[in-house]
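*Asks:* Here's a structure for you.
Readers should treat all values here as calculations from the given coordinates under stated rules, not as data from a laboratory. This structure is a prediction, so every number in the text was calculated from the model and none was measured. We place every Cβ from the backbone using ideal geometry, glycine too, and count neighbours over all the protein chains shown.
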2 protein chains.
Amino acid sequence: MKRAPTDLLTDLYQLTMAAGYFHRGVHEKRVSFELFVRRLPPYRRYMVFAGLETVLEHLRALRFTEAHLDYLRSVPALRPAMSFELCEYLRDFRFSGEVWAMPEGTVAFAQEPLIRITGTLFEAQLVETYLLSAINTETAAASKAARVVGAAQGRQVMEFGSRRTSPEEAVMTARAAYLAGFTATSNVEAGYRWDIPLAGTAAHSWTMAHATEREAFEAYLAVYPKERTTLLVDTYDTLDGVRNAIRAAPGGLGGVRLDSGDLDALARGSRALLDEAGLKDTRIVATGDLNEHKIAALLGAGAPVDVFGVGTELARCVDSPNLGAVYKMVHDHDADRPVLKLSEGKATLPGVHQVYRVIRDDRARRDIIGTQGEFHVDAEPLLVPWMKDGALCRPLPSLAAIRKTCRHQLAALPEDVRRIDDTATAPYPVATSDVLNDLLVEVQRRSREEQGELQ
Amino acid sequence: MKRAPTDLLTDLYQLTMAAGYFHRGVHEKRVSFELFVRRLPPYRRYMVFAGLETVLEHLRALRFTEAHLDYLRSVPALRPAMSFELCEYLRDFRFSGEVWAMPEGTVAFAQEPLIRITGTLFEAQLVETYLLSAINTETAAASKAARVVGAAQGRQVMEFGSRRTSPEEAVMTARAAYLAGFTATSNVEAGYRWDIPLAGTAAHSWTMAHATEREAFEAYLAVYPKERTTLLVDTYDTLDGVRNAIRAAPGGLGGVRLDSGDLDALARGSRALLDEAGLKDTRIVATGDLNEHKIAALLGAGAPVDVFGVGTELARCVDSPNLGAVYKMVHDHDADRPVLKLSEGKATLPGVHQVYRVIRDDRARRDIIGTQGEFHVDAEPLLVPWMKDGALCRPLPSLAAIRKTCRHQLAALPEDVRRIDDTATAPYPVATSDVLNDLLVEVQRRSREEQGELQ
């Protein structure tokens, strides 16, 4: 049997736990959970937060249909809990909690809460898997994309990775890349959803569908204006391809694209041929397994590349595929009790947090992780409210606005932190506040005492 | 402006090319494209083909809505081609081609066509991005999963990675893992869609939501039967956790789960405590950044682990995140002309292919990549037809049937090829047939001549 796709993306244990809370009568206890990254992922000095829009839309749409309930009653591990009362509760379920988060495009660091859910224990638990899923992947992609944009030193960067990742992740990667500063994407669905500029002309298959390369170029330019067209020139021999492109568009051509071989040498050779033919405005587009390091090396060597296309390395975050965010309960509001976890290497900060970024002369100087409501000189709090009582309480910013936020955030970072190489430099300073330090000591002491007493 | 999600997942250049073919009057030329992997991805000796069901559903549903057409008319790079006639053509567009592919769960190797599309140049070009997107990600996941299953030597393996990848990819990963031999998944949506067995009980947050660990365990067992329950024991101290589990379920317990620390030592310590308490049937579940190598090491050392849970390493295919499949035109049927690409390192095999697997004594001996319709002794062709004229011509196998196919395929592989380590052993033999070799020589010669003549 196969059922039509729905949006019931959660781990089973979120449901067994939520049902357990229901039967214990504690499911409406008010709690806070926070989502954060314990350590920066490998090869990253900062993150660019993304995924909030996806999360907020999921929370607003979350429902259990009759088909879901029928199915859940059939799951052996859950069945003992699927009473009539729980089914009624699930049927009426709507996310009714509060969401605080950094705006998308905000630069963030390890240990900093990116998003906080305050609501019933039932709902806060239930949504964990989806939150982690969306934030992990979109933040990983935006963080990688920001590095690529930095390496391109103001040159245009196109996102071409859709074929390298799953269909919906491809769309979200295109969005993450654009918000982090990419110029355009090839992903039509992403363009359709958010009006992200689209880029793309023709592939090797276009050339191969014609008897000769030159015929292929002329056929393309019979349909599309040559000033806007980039011709892919490496199907047979790259420099011969450039010559064919010049012959096909003697009066001017948008660009030529190099997708294989020694990109530095081929870019120089292509530039020489184009300049010689008077096509000084024709841009050279380089693609083919590029990443931030290869782009930096090409530009460092003086390769005359005007536009970079990045695919696989961004779409699969090849150097650092797992962001590793976690989602932990930090406060039990009914008991007015901060919560923490003591496992070795997995300790958490207790209580409801805020991140304060100290900014002087338009430069981010350091971050302070504190409790909600502290005051720090020259610092602005990064977490803001997005939902109250399950409804949006702040308009979702447009993607253009998010992109602007990100540009400002990246520009404010110390230059050392923006570097893409691995040389040891001081990390961006993030410290916990005195208030939080005191709370941590007190809660650790109390927790150890209680565990001792009660076991 | 933001538009509601649709399924227009393609690269812009598929549309610009398809529109170009339309205006050149060659869009209904009949061609074949094949999808294959040039070289096995790093750390892989074979692949498990997956993603066909996703592809076939996409092809059956592919439509251009009025909203799509409005949008496409607004895209600068496409606008010159969006004539009234093309809009009419897109409005009526249905995928009408033929699809041959290996059944999902088939073991495959580099250069072997996994799927072949024969249809109009327009439609065959248009669907490239989606095909690559789905096959790349699902085949990568199934290929990784098969290694994990092999390393577990018959012990149960659970897929727990949903939080580590994007929502829809998480669902497809759960399916890929199950078809490759995993026992269960935590992903409720995957269970809902395909009746994949679900696994999961409680997380650290359940324990932290109670005053003590023991209270948390007792609360869980008040709702769920203890014989079916696995208690997570590492929130505070793992072996103390096991003791608390034993106290909470003195008569018997499904399992205990270890999620951090030295899993070998903790599994032995837990086993000793459980046995001492008479809980010999209580299973030990190990989780926490596991992969095939760690599982093999634990079992090699004799760690008494009964069930493994794998998350991140599978969900992000951490060791080999990019399968790198490509999709190339291989035949122009109107001209009865095999097509090939000559780029350095990116050469393709011309013509319409079939893969013949030589099987003797239930063992796969070698594969032959030939042309469609050859005969080879003891060999069976792997590609079969799935769609004709845009309609299914073969029922989609159930996921259970696919899983069985995969089990048989893996069992038939030479043991060396199934090894997960990196020691150099002979790769599985894959050769091109004499007929194909002759064709390749002829087409290369003709292609070089024509390029020479025509340029």
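*Asks:* In the structure shown, do any of A:144/A:294; B:226/B:294; A:29/A:328; A:2/A:328 have a Cα-Cα gap over 24 Å, and if so which?
*Replies:* B:226/B:294; A:2/A:328
*Asks:* Which of the three applies to the range A:20-64, rounded, prolate or oblate, going by the alpha-carbon gyration tensor with a ≥ b ≥ c and a/c under 1.5 meaning rounded?
*Replies:* oblate
*Asks:* Pull out a ≥ b ≥ c, the square roots of the eigenvalues of the alpha-carbon gyration tensor of the range A:124-239, then state rounded if a/c is under 1.5, prolate if not and a/b is larger than b/c, and oblate in the remaining case.
*Replies:* Judged from the Cα gyration tensor, the range A:124-239 comes out prolate (a/c at least 1.5, a/b above b/c).
*Asks:* Starting from a label point 7 Å past Cα on the Cβ side, list the distances from residue A:70 to the same position in the other copies, nm, shortest first.
*Replies:* Residue A:70 label point versus its equivalents elsewhere: 3.6 nm.
*Asks:* Residue B:384 label points, 7 Å along Cα→Cβ, one per copy: pairwise distances from this copy to the rest in nm, shortest first?
*Replies:* 5.8
*Asks:* For the range B:111-177 and the range B:61-85, what is the separation of their Cα centres, given in Å?
*Replies:* About 30 Å separates the Cα centre of the range B:111-177 from the one of the range B:61-85.
*Asks:* Placing +1 on the Cβ of each Lys and Arg and -1 on the Cβ of each Asp and Glu in the range A:143-315, which of A:314, A:176, A:258 has its Cα farthest towards the positive end of the resulting dipole?
*Replies:* Farthest along the dipole direction, towards plus: A:176.
*Asks:* Continuing with this model, one more query. Based solely on C-alpha atoms, express the radius of gyration and the Dmax of chain B in angstrom.
*Replies:* 26.0, 86
*Asks:* Name the shape class, rounded, prolate or oblate, that the alpha-carbon gyration tensor gives for the range A:359-426, where a ≥ b ≥ c are the square roots of its eigenvalues, rounded holds for a/c under 1.5, and otherwise prolate holds if a/b is larger than b/c and oblate otherwise.
*Replies:* oblate
*Asks:* Based on the alpha carbons, how large is the Rg to Rh ratio for the range B:148-315 when Rh follows Kirkwood?
*Replies:* 0.96
*Asks:* Quick one: Karplus J couplings for the range B:64-70, per residue in order, coefficients 6.51, -1.76, 1.60, θ = phi - 60°, nearest Hz, x for Gly and Pro?
*Replies:* 10, 7, 4, 5, 4, 5, 4
*Asks:* Taking 4 °C and 1.567 mPa s as the conditions, I'd like the Stokes-Einstein D for the protein assembly as shown in µm²/s, using the Kirkwood hydrodynamic radius from alpha carbon pairs.
*Replies:* Details: Rh = 29.0 Å.
Translational D for this selection: 45 µm²/s.
*Asks:* Separate question: Can you compute 3J(HN,Hα) from phi for each residue in the range A:387-397, using the Karplus curve 6.51 cos²θ - 1.76 cosθ + 1.60 with θ = phi - 60°, rounded to whole Hz and x for Gly and Pro?
*Replies:* 10, 10, 6, x, 10, 4, 10, 8, x, 5, x
*Asks:* What is the helix-to-structure angle for A:12-24, meaning the angle in degrees between its Cα long axis and the longest Cα principal axis of chain A, kept from 0 to 90 and rounded to the nearest 10?
*Replies:* Value to nearest ten degrees: 20.
*Asks:* Where nothing but the Cβ of Lys and Arg (+1) and of Asp and Glu (-1) is charged, how large is the charge dipole of the protein assembly as shown around its Cα centre, in debye to the nearest 20? Before the final figure, lay out the partial values.
*Replies:* Details: 108 positive and 122 negative charges, 18 e Å.
It works out to roughly 80 debye.
*Asks:* In chain B, if the dipole is taken from +1 on Lys/Arg beta carbons and -1 on Asp/Glu beta carbons about the Cα centre, which of B:225, B:4, B:284 is farthest to the positive end?
*Replies:* B:225
*Asks:* From the phi of every residue in the range A:306-313, what ³J(HN,Hα) in whole Hz does the Karplus formula 6.51 cos²θ - 1.76 cosθ + 1.60 yield, where θ is phi - 60° and glycine or proline is x?
*Replies:* Karplus values, whole Hz, x for Gly and Pro: 9, 9, 10, x, 10, x, 3, 4.
*Asks:* Then there's this: Compute the acute angle (0 to 90°) between the alpha-carbon long axis of helix A:399-412 and the principal axis of greatest extent of the alpha-carbon atoms of chain A; round to the nearest 10°.
*Replies:* Roughly 90 degrees between the two axes.
*Asks:* Of the beta bridges DSSP finds with both residues in the protein assembly as shown, what % are antiparallel, to the nearest 5?
*Replies:* Beta bridges within the protein assembly as shown, antiparallel portion: roughly 65 percent.
*Asks:* At residue A:360, label 7 Å along Cα→Cβ: distances to the other copies, nm, ascending?
*Replies:* 8.0
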